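Notes to accompany the following structure.
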Amino acid sequence: MSELQNDRFLRALMRQPVDRTPIWMMRQAGRYLPEYRATRAQAGDFLSLCKNTPLACEVTLQPLERYPLDAAILFSDILTIPDAMGLGLYFETGEGPKFRNVIRSEADVAALPTLKADVDLDYVMNAVSTIRSALNGRVPLIGFSGSPWTLATYMVEGGSSKDFREAKKLAYAQPEVMHRLLDHLADSVIDYLNCQIRAGAQAVQIFDTWGGVLSGWAYQEFSLDYMKKIADGLIRENDGRRVPLIIFTKNGGQWLEAMAESGADALGLDWTTDIGNARARVGDRVALQGNMDPTMLYAPKERIRQEVADILKRFGPGTGHVFNLGHGITPGVDPEHAGAFIEAVVELSGEYHREG
Ligand code: CP3
């Protein structure tokens, strides 16, 4: 494998000194880019794009051709796991993901097959190794998975949800069934991420998009405990280098102290948490990733730059910060505004990393 030329993302995650704050964007390969829309049209639809190795590789690299980003993220989706378990994932335009089969009972959970990620999700592993070779050491490659709780919400609801009624009903009325589902998913996520690491992922992120809809005790019991199990089961070193684990619970700002004890190397923050306050709370236990409101990208470029300056100042001097948005970039963003955001981080963050 070729030598990594830019490792500031991996270094910042391990809280080692860097020359400037590294940056990548959640959903950086996506619909806001015209070249992405063109490649997706070539593949036919989104899922076919995920399953097409050369085209998935192409869209992964597209944002890196445009911007000085410090990491690439595998182009795929978190819902590949339930799809591989036979739930039948499909996307209806403008409506988000849907499943043909849902999980509602003890019998449904018992009938779920055991995932063999290298076989059942071989297209993901092919994408990882192909992207890794194509990157040729330019920047590190991030692998990812959904958290067990977040995957469970989609599997129980049958798609996206406003109030998570079915998933919460199962958790509160039949907790033992929900726990069996979550435990099964945690084992699957461990296998899935370890296969991605063996295929070449150099850091991994768990997207816990819906952990923040739970109350404190329920977050601990139904989401965080399973992310801890994953942290314990992951390959943490590969090719002589630490494979950092990032945990991102959207709306999880209240629980950072508990998350910092989970075994993750870094925590993703959404924009509702002050990053300076978050740093004071987690201290030197974990790095932080985030956290500009993605909607700020609709503001004028000067306003975006000012927001970047403000977030850098709130975090303060020293390493342990990976700049990102607080959630994924949205389809309507002008790519030039994304460029202004990234440029501001590149230009303004150096002064926070001088020795002395
Ligand atoms: O960050 C990246 O660039 C990597 C790619 C990535 C995608 N999905 C591509 C995608 C990642 C990391 C995800 C994770 C994902 N998928 C999450 C967790 C992160 C988050 O955003 O909260 C969730 C909840 C999903 C499930 C999912 N997939 C949703 C809710 C949607 C949006 C549906 C829609 O039409 O807006 C998807 C589809 C999806 N995943 C798209 C992309 C680029 C858009 C599909 C398209 O091109 O039409």
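The table for this structure:
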item: Which numbered condition residue 27 misses (of (1) under 17 Å from the mean Cα position of the chain (by Cα); (2) surrounded by 21 or more Cβ atoms within 10 Å (Cβ to Cβ); (3) not in a helix (DSSP H, G or I)); result: (2)
item: All positions within segment 37-51 that are in contact with a helix residue (DSSP H, G or I) (Cβ under 7 Å, 6 or more places away or on another chain) and either open to solvent by 10 Å² or more (accessible area, probe 1.4 Å) or away from the ligand (no atom under 12 Å from the Cβ) (or both); result: 40, 42, 43, 46, 51
item: Test: residue in segment 250-272 that is under 18 Å from residue 24 (Cβ atoms), of a type in the set (Lys, Arg) and surrounded by fewer than 24 Cβ atoms within 10 Å (Cβ to Cβ); result: yes
item: Count of segment 159-195 residues which are crowded, with 19+ Cβ neighbours inside 10 Å, among the small types (Gly, Ala, Ser) and more than 14 Å from residue 229 (Cα to Cα); result: 2
item: Which numbered condition residue 240 fails, given (1) farther than 18 Å from residue 117 by Cβ; (2) touching a Phe, Trp or Tyr at 6+ places or on another chain (Cβ under 6 Å); result: (2)
item: Filtered residue count, segment 201-254, keeping only those that are at negative phi and assigned to a loop (DSSP other than H, G, I, E, B); result: 13
item: All positions within segment 317-355 that are open to solvent by 10 Å² or more (accessible area, probe 1.4 Å) and over 21 Å from residue 34 (Cα atoms); result: 317, 318, 319, 346, 347, 348, 350, 351, 352, 353, 354, 355
item: Boolean, residue 134 is away from the ligand (no atom under 16 Å from the Cβ), aliphatic (A, V, I, L, M) and modelled with pLDDT of 95 or more; result: no
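The values are calculated or read from the model by the stated rules, or taken from the named source; none is laboratory data. None of the values given here were measured: they were computed from a predicted structure. Cβ atoms come from the backbone with ideal geometry, glycine included; neighbour counts cover every protein chain shown. When the accessible area is computed, the model is the full protein with side chains, heavy atoms only, and any ligands, DNA or RNA have been set aside. Shrake-Rupley method; radii C 1.70, N 1.55, O 1.52, S 1.80 Å.
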